[in-house]
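The values are calculated or read from the model by the stated rules, or taken from the named source; none is laboratory data. These numbers come from a predicted model, not from an experiment. Cβ placement follows ideal geometry from the backbone for every residue including glycine, while neighbour counts extend to all protein chains displayed. SASA here: full protein model, heavy atoms, side chains in, ligands and nucleic acids out. Shrake-Rupley method; radii C 1.70, N 1.55, O 1.52, S 1.80 Å.
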Amino acid sequence: LCVPAVPVLFKQALQNTDVEEGKSVSLRCELSKADATVVWKKGEATLQASAKYEMKQKGTVAELVIHNAEPEDA
């Protein structure tokens, strides 16, 4: 018996967020399936965890924290 995989959907998409330059900002989205693999991208570039980018995931909520935000992070 072959059961098709249920696709992971966004229950809550990212919201536009304003932040003061030099501060940290948190971007969150909620998924329809817990612990689904999330890849954060800026344009075509995949973001990697670093001192600037912090990725968190708990259950169905995925979060990207951008530290020391700059205009280039838009």
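In debye, nearest 20, what is the charge dipole magnitude of the chain about its Cα centre with +1 on Lys and Arg Cβ and -1 on Asp and Glu Cβ, if you could check?
420
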Worksheet, complete the sentence: For Leu9 the rounded accessible area (nearest 10 Å², probe 1.4 Å, non-protein molecules ignored) is 110
Item to complete: Calculate the spin-label point distance for Glu54 paired with Val25, positioning each point 7 Å from the Cα along the beta-carbon direction, and give it in nanometres.
Response: 1.7
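Return a whole-number percent for the relative contact order of the chain, with Cα pairs under 8 Å and 6 or more residues apart as the contact set.
Answer for the chain is 34 percent.
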Worksheet item: Given the Cα-Cα distance of Glu63 and Gln15 and 0.36 nm per residue of separation, how much length would full extension add, in nm?
Response: 16.1 nm
Worksheet item: Among the aspartates and glutamates, which fall within straight-line cross-link reach of Lys33, defined as a Cα-Cα distance under 14 Å, with same-chain neighbours fewer than 8 residues apart omitted?
Response: none
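Given Cα positions, please report Rg to Rh for the chain, the hydrodynamic radius being the Kirkwood one.
Reported Rg/Rh, Kirkwood definition of Rh: 1.05.
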Response to the item:
Most fluctuating of Ala36, Ala45, Ala13 in the GNM of the chain (C-alpha, under 10 Å) is Ala45
